[in-house]
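Written out below as structure tokens is the structure these notes cover.
Nothing in this text is a laboratory measurement; each read-out follows from the coordinates by a stated rule. It should be emphasised that the depicted structure is a prediction, and the values quoted were computed from it without experimental measurement. No Cβ is skipped: glycine too gets one built from the backbone with ideal geometry, and neighbour counts run over all protein chains shown.
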Amino acid sequence: ATKNMKYKRILLKLSGEALMGDRQYGIDPKRLANYASEIKQVTDKGIEVAVVIGGGNIFRGVAGASNGMDRVQGDHMGMLATVINGLALQSALEDEGIQTRLQSAVQINEVAEPFIRRRAIRHLEKGRVVIFGGGTGNPYFTTDSAAVLRAIEIGADVILKGTRVDGIYTADPEKDENATKFDNITFDDVLKKGLKVMDTTAFTLSQENELPIIVFDMNTPGNLLKVVSGDNIGTKVNL
Ligand code: UDP
């Protein structure tokens, strides 16, 4: 069923902020439903899908710290925020008739399975979407780092970073109208040019493990399936 598809097992990274839609905080149910239907299009093709979801729509540790809160305390709140988003995405996927499992890096057993690598892989093989919540389970990390880590652990073919911009530009396209988009770029060039794709910890982990990253616009219907089919949209970061 996965013939004609470029990738067979993907790790989709969605930011928490993307879930806000046009809101200032929290979760926009319409946006959530859109994401679920995008994911359905690729699971229908037999693609194995794992998702790492951020928490920035609810809480970020650095934001807490800048208001005087202990950073680790704030990061714990951020990690729990990703579990909340994971639960919301799980519901939306179930509404689409997709089997899902939520695995958390922080133990919260009444709510989510613990992260167990072999079990996660088994779920994927059975066609279940696995959502990884709780980030890496450690403070001072981001969900981008969690995305790269989990992608490597489960042997994903690629990380798909779904954003609201359609790729990596020479400058921020929301601020500079002369910015141009890259179709392909190397890890080294991203670093040399000081472009922002992910935080450095996440980015170099991906580079060292030769795991390509594709940044694409997740808010345009059909895009996720196009990327998985190998269409040349977004920007691909390669060795
Ligand atoms: N976080 C953490 N460790 C992790 C992942 C996340 O402590 O491994 C916390 C951190 O405070 C972060 C928050 O969870 O600010 C939400 O994650 P992130 O900022 O990556 O979400 P996104 O920007 O994707 O919405």
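So the values come out like this:
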| quantity | calculated |
| --- | --- |
| Contour excess over end-to-end distance, with Cα ends at Asn4 and Lys30 and 0.36 nm allotted per residue | 6.3 nm |
| Point-to-point label distance, Asn138-Ser229, nm (Cα→Cβ direction, 7 Å offset) | 4.0 |
| Cβ-defined net charge surrounding Asn223, 11 Å radius [Lys, Arg +1; Asp, Glu -1] | -3 |
| Relative pair counts by distance (%), Cα atoms of region 97-186, 10 Å bins | 14, 36, 26, 18, 5, 0 |
| Expected 222 nm ellipticity per residue - DSSP helices of 4 or more, -39500 (n - 2.57), all of the chain, to 500 | -11500 deg cm²/dmol |
| FRET efficiency, 1/(1 + (r/R0)^6) with R0 45 Å, evaluated for Thr200 and Lys126 via beta carbons | 0.80 |
| Net length gained if the chain between Glu210 and Ser66 were fully extended (0.36 nm per residue, minus Cα distance) | 48.4 nm |
| Spin-label pair Ser37/Glu94, simplified geometry with 7 Å Cα→Cβ offset, distance in nm | 2.1 |
| Proxy reagent accessibility, fewest Cβ within 10 Å first, across Thr201, Thr220, Thr142 | Thr220, Thr201, Thr142 |
| Other-chain or far-sequence residues with amide H under 5 Å of Arg60's (modelled H) | none |
| Kirkwood estimate for region 9-238, i.e. one over the average of 1/r between Cα atoms, Å | 17.6 |
| Cα-based equivalent ellipsoid of region 1-132: semi-axis lengths in Å, sorted from largest, via gyration tensor | 27, 17, 12 |
